[in-house]
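The values are calculated or read from the model by the stated rules, or taken from the named source; none is laboratory data. Predicted, not measured: the structure shown is a model, and the values here were computed from it. Positions of Cβ are generated from backbone atoms using ideal geometry, with glycine treated the same way; all protein chains shown enter the neighbour counts.
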Amino acid sequence: MNVLLIEINPFAPASPPISLGYIASFLKSKGFTVKILTLGEDTSVSRASLHQFVSSFQPALVGLTAYQRTMLYVIGLARFIKSVNTNIKIAIGGPQATFMPSAAFAGLPEIDYICRSSGEVTLLGIARAIENGTPFSDLSGVSYKNAGGAVYDTAELEGLTDLDHYPSPYLDNVFDYSCMREAIMLTSRGCPHHCIYCYTPHAFKHKVSFHSVDRVIEEIRWIRKKGVRRLWFADPNISFKPARLIGLLDRILTEGLETEMWLQTRADLVNPEVMKKMKRAGVSTIAFGLESASERVLARLGKHISVQTVAEAISLAQSEDIEVELFTIFGLPYETFEDALKTLEFVKKNNVKIMGNTNSQQMQIYFGTHMAQHYENYNIHPLNTRRPAYLSIGCQYETDHMVYSDIQKIQALWRAHSRDRGRRIVS
């Protein structure tokens, strides 16, 4: 049986979708034929060519990655796929889907399944059900709408806790290396913290699971052999276990696998020893989450970190000639216009280039975050009160301290100071 996995994001150049890569490799290991289609702002595709592609491959199941920013594109693509063949079953997964209310099915007539649990095992269950001719039987980890239009929510499905049990999308050659500029990698998944604006901790139940250092090194060797010389580590906190990270960096150095790397972690999870080894191993850029430079605001975000700690981590990285990026947010609860200005001034004062990820963004209130569940308690006032159920509040809100025009003014100030005109749109 054939399975097609699609990521569509017209706001950024196409890049290897690591999450879909894992799902594809896992399904292939269970006997399914899988293809990945990535549609970005630089992808040339017509309706005719897409129709030919789907008709030729004949997938029985199509999985679409869903984000708030791309939901309308996902809906349009699902409608198009059903127009090619109404028998194709369509599932949506990813951050927008995990905690999306089942009432969303009312506005998603072409969607058959909303994936709630780990993508690999959830899609496997759906694929096997379709292959067995019973597409709506014995399912877990999903909400689904059967042929009669009835909606059902199933029990959660646990993913594998040892990530090495998932086949590697790199070692399985799931991706096309010929056009790959950098490889997006995961050495761990999840986050144990409780930041009120973040989806990740809730999605992973505040737990972190890991690949072994041996597995990561094996992938790096293979990626380098394929000619890719830049690695992008997508772990939320790659130095969550500092000793593990040092072990990984030591292996890279011992085996001569020094490679240009981008990674991110918390500012309180670095020290001089780790930073020196990062530099030697090839880390060119490190990203920290600052969110706000107002201690009063930052203290209420559940992040449990101080502005001074972030400043010290920046200095430590810069002393090793490692470029720093800072994730910042405006429009936060309790934040005044003056508080928001403090964040911009902090970034400038600490000589962090305002470009790429350092371009600040308005807080997005996504499904699954503590903020989305309790926005009234934070005096958040949604503007899109008649939005369809498949969309969260997103950036359409005001607070007790900042009206929407104030939020727009802050955005304009960041763009005015940006080296790349604020070219970064979050999905």
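Could you say which residue among Tyr144, Tyr152 is at pLDDT 95 or above and over 24 Å from the mean Cα position of the chain (by Cα)?
Tyr152
Answer yes or no as to whether Ala340 is buried (at least 23 other Cβ atoms within 10 Å of the Cβ), under 28 Å from Arg387 (Cα atoms), modelled with pLDDT of 95 or more and among the aliphatic types (A, V, I, L, M). Lay out the reasoning, then the answer.
Working: buried (at least 23 other Cβ atoms within 10 Å of the Cβ): yes; under 28 Å from Arg387 (Cα atoms): yes; modelled with pLDDT of 95 or more: yes; among the aliphatic types (A, V, I, L, M): yes.
For Ala340, the condition - buried (at least 23 other Cβ atoms within 10 Å of the Cβ), under 28 Å from Arg387 (Cα atoms), modelled with pLDDT of 95 or more and among the aliphatic types (A, V, I, L, M) - is met.
Of everything in the stretch 217-239, what is over 22 Å from the mean Cα position of the chain (by Cα), in contact (Cβ under 8 Å) with a residue 12 or more places away in the chain and assigned to a helix (DSSP H, G or I)? Give them in sequence order.
Once the filter is applied, which keeps residues that are over 22 Å from the mean Cα position of the chain (by Cα), in contact (Cβ under 8 Å) with a residue 12 or more places away in the chain and assigned to a helix (DSSP H, G or I), the stretch 217-239 yields Ile217, Glu218, Arg221, Trp222, Arg224.
Return yes or no: is Ser25 surrounded by fewer than 17 Cβ atoms within 10 Å (Cβ to Cβ), among the hydroxyl-bearing types (Ser, Thr, Tyr), in a helix (DSSP H, G or I) and at pLDDT 95 or above?
no
Determine, yes or no, whether Glu323 is more than 28 Å from Phe99 (Cα to Cα), touching a strand residue (DSSP E or B) at 6+ places or on another chain (Cβ under 9 Å) and not assigned by TED's automatic domain parsing to the domain that holds Ala66.
Considered against the rule, which asks whether it is more than 28 Å from Phe99 (Cα to Cα), touching a strand residue (DSSP E or B) at 6+ places or on another chain (Cβ under 9 Å) and not assigned by TED's automatic domain parsing to the domain that holds Ala66, Glu323 comes out as yes.
Looking at the stretch 103-128, I want the residues that are over 30 Å from Ser209 (Cα atoms) and have a partner that is in a helix (DSSP H, G or I) and among the aromatic types (Phe, Trp, Tyr) with Cβ atoms under 8 Å, at least 6 apart or on another chain. Which pairs are those?
Ile111/Phe105
Is it the case that some residue within the stretch 37-57 is surrounded by 20 or more Cβ atoms within 10 Å (Cβ to Cβ), touching a residue at least 60 places away in the same chain (Cβ under 8 Å), in a strand (DSSP E or B) and touching a strand residue (DSSP E or B) at 6+ places or on another chain (Cβ under 6 Å)?
Scanning the stretch 37-57 turns up no residue that is surrounded by 20 or more Cβ atoms within 10 Å (Cβ to Cβ), touching a residue at least 60 places away in the same chain (Cβ under 8 Å), in a strand (DSSP E or B) and touching a strand residue (DSSP E or B) at 6+ places or on another chain (Cβ under 6 Å).
Pairs only if they're at least six apart or on different chains, beta carbon under 8 angstrom, first in the stretch 358-369 and on the phi > 0 side of the Ramachandran plot, second aromatic (Phe, Trp, Tyr); list them, first residue then second.
Gly368/Phe99; Gly368/Tyr199
Conditions tested, residue by residue: (1) under 23 Å from the mean Cα position of the chain (by Cα); (2) β-branched (Val, Ile, Thr); (3) at pLDDT below 95.
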position	(1), (2), (3)
Ile322	no, yes, no
Lys349	no, no, no
Glu376	no, no, no
Tyr397	yes, no, no
His417	no, no, no
